[in-house]
Amino acid sequence: MKGISRVLVANRGEIAVRILRACRELGLESVVTVSETDKDSLPARLADRAVCIGPPSPMESYLKVDTIIAAALGTDSDAIHPGYGFLAEQPRLAEACATHGLIFVGPKADDLRKMGDKLCARKLAGGAGVSIIPGSELVRHPGEAAEAARRVGFPVLLKAAAGGGGKGMKIVARAEDLRGVYDEASGEALSAFGDDRIYVEHYISNARHIEVQIIGDRFGNIIHLFERDCSLQRRYQKMVEEAPSPAVSPELRREICDAAVRIGRQIGYENAGTVEFMLDQDHGQFYFLEMNTRIQVEHPVTEMISGIDLVKEQFRVAAGDFLSVSQEEVRLTGHAIECRINAESPGAGFSPCPGHITEWKSPTGEGVRVDSHCYSGYFVSPYYDSLLAKLITRGTDRREAIDLMQYALASFVVSGIDTTIPFHQFIMRHTDYLNGNVSTHWIENRLVKEYEKNGGNPFR
Amino acid sequence: MDTISQDEVVQILRIMEESNFDELCLEMGDFKLILKKHGDSELIQRPSQTGEISGHPEAVQERQSAPMDEKQTESGKAASASGKDKREIEAIGGDPEEGYIPIRSPMLGTFYRAPKPGAPPFVEVGRWVSADDSVCIIEVMKLFNTVKANIRGRIVKVCAENGQMVEYQQTLFLVEEVDGAGETDKEEIPS
């Protein structure tokens, strides 16, 4: 590949495995950064070389920009793929890459910065003629927040300007609660993001989370690869994603995908990104939520319905090539669903469950895809997130994808630790899910309670 | 005269730098100094006739003849590729884990044996070190971190190559731990 011959993969877990696979297919040499705990991990074994960058704590390894740049330079890599999480959306890494003549496989540092500031992102979306959720500018004290809340109407969300990904948000149901929640929200924002700026947004109670995958090259070509429905969330963390959305009509699809491309075009966005929207199911109206400037966890569902390898496409545009497809060539075929298999105990309030995997047997077969770094004997470290695998099924239609998912979940064997597999089995058999009758609060408001009542048995 | 001071080495380096010569080999009794302008330089203090460092004088000889491009890393893949290195260690007295104590890199970065380019290395094979002695520098993006020996003993092997990237916890030196080696006599060879 022109411009890139050796890639440093600055991530771990399943996404490192995923990126390494794309490297192999493109004929690129690979180096993966590993913490001390990850020295014997699957990515370390799959890469041409693994370099140990520090102790297990992410603060001393995967989050150290200088060390990662030194690792790239020391191994003669010419590009860094950041994956998701860690430094993927940190302008610091993208900038350091530019300073040292390395290719950052992601958007420009400036775009990371613009979209990382949620208030700035709202303005950009508004400027592109896309509806934004009714809300305020920056509020400096509880008084301003109260005034903004009255204007947009309770309930409201207090959001951290530097937040995103479901972090740094607080719901305020009534005016009298506002003061207390305001202090809590700004305090949390300061400790989590080092930035206590807060703004107010109307809270949509019956919403679906719809997001659009876009990708652009440096020649101004920006295309969308349709939407994903990520409404099944628990505490703002996605559990199940699917494409296309059962709640989106062909007309709405055109509108929402067009809105996403307009936002991308507004800033001349390069590489892969996701524009997230809230779809108000009571009024049939969609609003810009935020933009994620990275490859996302749930990108496989888009790959399965479009036939386009997003990570390979990321490398292509980062190296300065044209996108391999035009908008007209992108076709949506079939239906894909992804279940996130986490090391959590669904029967114990989803508490994390690190430990040794004594047995790991993942499902196989036509229409089944498993993206994972786990194997029998693998130790799930408490230092990192709990994602063990992404189980993806693809059928000719939604019903077939669900049937396949039920089969795949039933034949997925993981022993030694608790996982979210039984909870996913519960979802895949629930009438509300089968009928596509869900919202972003369905899991928390309804399913978790029903699951507990059933004693964690998905088949009762 | 069978020894040479640090200042004299610096002086020789300066003369060498200004000269048209690429290589210099200086031998004075048991002392041998090899300087290469565009390569690696080595300063080797051989055991004197009167004071034996250990029962393995050939160990030092062996190191002297080891190729400079040889890499030894902690990662599994690279370790298997450096079987020659392993044999060499075995030849001089067993497994590094058993016989000698490793000084490991506290971080990933570039390994420098000397405080600045052209200066003599902090330590050499055969040199006695105490815990507070600096043994090398690890550079991470222009930030220079001095690594201390943290152990009292004799350097028996330099395991990383000057100017190359080393990984976190990679073995940089092997040290033969000696309880008796005091602060004052570290420069001398106990008889």
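3J(HN,Hα) couplings calculated from phi for region A:251-263 with the Karplus curve 6.51 cos²θ - 1.76 cosθ + 1.60 (θ = phi - 60°) are, in sequence order, 5, 4, 4, 4, 5, 6, 5, 5, 4, 5, 5, 4, 5 Hz; Gly and Pro show x. Run a plain Debye calculation on region A:129-233 (Cα atoms as equal point scatterers, no solvent) and give log10 I(q)/I(0) at q = 0.12, 0.21, 0.24 Å⁻¹, rounded to two decimals, same order as the q list. The computed values of log10 I(q)/I(0) come out as -0.49, -1.06, -1.23. Measuring nothing but how far apart in sequence close Cα pairs (under 8 Å, 6+ apart) lie, relative to its length, chain A scores a relative contact order of 14 percent.
First select every other residue whose beta carbon is under 13 angstrom from the beta carbon of A:A348; then total the charges, Lys and Arg +1, Asp and Glu -1.
Working: positive: none; negative: A:E344, A:D418, A:E452.
Here the count lands on -3.
Of the peptides A:351-358, A:87-94, A:151-158, the ranking by mean beta-carbon count within 10 Å, highest at the top, reads A:87-94, A:151-158, A:351-358.
Restrict the search to region A:317-418; then list the GluC sites (Glu not before Pro) that DSSP places in a loop and that have at most 16 other Cβ atoms within 10 Å of their Cβ.
Values: sites: A:E328, A:E329, A:E338, A:E344, A:E359, A:E366, A:E400; in loops: A:E366.
In loop regions of region A:317-418 (DSSP not H, G, I, E or B), the sparsely surrounded GluC sites (Glu not before Pro) are A:E366.
Beta bridges per DSSP, both residues in the protein assembly as shown: antiparallel share near 85 percent. Restriction of the trypsin sites (Lys or Arg not before Pro) in region A:272-368 to DSSP coil positions whose beta-carbon has at most 13 other beta-carbons within 10 angstrom yields A:R331.
Could you work out the local net charge near A:Q406, counting Lys and Arg as +1, Asp and Glu as -1, over the other residues with Cβ closer than 13 Å to its Cβ?
Values: positive: A:R398, A:R399, A:R429; negative: A:E400, A:D403.
In short, +1.
Rg of the Cα atoms in the protein assembly as shown, relative to 2.2 N^0.38 Å, amounts to 1.16. Restriction of the trypsin sites (Lys or Arg not before Pro) in region A:1-39 to DSSP coil positions whose beta-carbon has at most 14 other beta-carbons within 10 angstrom yields A:K2.
Distance between the 7 Å Cα→Cβ label points at A:T396 and A:F322: 3.5 nm. Where Lys and Arg each count +1 and Asp and Glu each count -1, what net charge lies around A:G284 among other residues with Cβ under 14 Å from its Cβ? Overall, the nearby charge balance is -2.
Multiplying the residue separation of A:L190 and A:R21 by 0.36 nm and subtracting their alpha-carbon distance yields 57.0 nm. Binning the C-alpha pair distances of region A:284-438 at 10 Å intervals from 0 yields a P(r) profile of 10, 32, 34, 20, 4 %, listed from the shortest bin outward. Counting only DSSP H runs of at least 4 residues, each contributing -39500 (n - 2.57), and dividing by the residue count of chain A, the helix-based mean residue ellipticity at 222 nm comes to -9500 deg cm²/dmol.
What separates the Cα centres of region A:403-460 and region A:58-131 is a distance of 36 Å. Here the Karplus curve 6.51 cos²θ - 1.76 cosθ + 1.60, taken at θ = phi - 60°, turns the phi angles of region A:56-69 into couplings of x, 4, x, 4, 9, 9, 5, 9, 8, 4, 4, 5, 5, 5 Hz, with x standing for Gly and Pro.
Taken together, the values in this text are just the output of simple stated rules run on the coordinates, not laboratory data. Quick caveat, the model's predicted, so the values are computed rather than measured. Glycine also receives a Cβ, built like all others from the backbone with ideal geometry; neighbour counts cover every protein chain displayed.
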